[in-house]
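Working notes, structure below.
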Amino acid sequence: MAYSFFIYIALFGVATVLYLWLRDARIFYRTGFKGYRKAAYYGVFYTTLSLLGLLFEFRGYELVGLGLILLALYLQGRIERERTKVWSKDSTTADRILGKAVLHNTTDDDKI
């Protein structure tokens, strides 16, 4: 069976959704912020949706599969997160990519 280059694009998209989910889960584990909790929980669904898109890709429905993967990426990016509270001013780009957040003492507003 000859695969098209769309398979590789779909694999990259699924890997991106999976990476974003795991990064949000790590940040939630370290900080306990509500936005990252929601992103980590919804990330399970979005990763499943992207894997379903990959299944459609392998079955030959390339545009449907890519559409599902792009939908998962779009929906994952729409979740509100606490961007200003997560990293300190001296955090490097590698810290942000890996989700290495500073451990915070949560206030009453930030508690779960």
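Residues in the stretch 55-87 that are open to solvent by 40 Å² or more (accessible area, probe 1.4 Å) and of a type in the set (S, T, N, Q): 1 in all. A single entry from 52, 20 fulfils the requirement of being of a type outside the set (Lys, Arg), farther than 17 Å from residue 77 by Cβ, surrounded by 14 or more Cβ atoms within 10 Å (Cβ to Cβ) and touching a Leu at 6+ places or on another chain (Cβ under 9 Å): 52. One residue stands out in the stretch 36-49 among those that are open to solvent by less than 80 Å² (accessible area, probe 1.4 Å) and of a type in the set (Phe, Trp, Tyr): the one that is farthest from the chain's Cα centre (by Cα), namely 36. For the stretch 23-35, give me each residue that is more than 10 Å from the chain's Cα centre (by Cα) and surrounded by 15 or more Cβ atoms within 10 Å (Cβ to Cβ). 26, 27, 28, 30, 31, 32, 33, 34, 35 - these are the residues of the stretch 23-35 that are more than 10 Å from the chain's Cα centre (by Cα) and surrounded by 15 or more Cβ atoms within 10 Å (Cβ to Cβ). Scanning the stretch 1-17 for residues that are open to solvent by 30 Å² or more (accessible area, probe 1.4 Å) and out of contact with any Gly (no Cβ under 8 Å at 6 or more places or on another chain) yields 1, 2, 3, 4, 5, 8, 9, 11, 12, 15, 16. Scanning the stretch 67-92 for residues that are modelled with pLDDT of 95 or more, more than 13 Å from residue 20 (Cβ to Cβ) and among the hydrophobic types (A, V, I, L, M, F, W, C) gives 68, 70, 71.
The values are calculated or read from the model by the stated rules, or taken from the named source; none is laboratory data. Fair warning: this is a prediction, and the values are worked out from it, not measured in the lab. Note that we place each Cβ from the backbone using ideal geometry, even for glycine, and neighbour counts take in every protein chain shown. These accessible areas exclude ligands, DNA and RNA; they are computed on the full protein's heavy atoms, side chains included. Shrake-Rupley method; radii C 1.70, N 1.55, O 1.52, S 1.80 Å.
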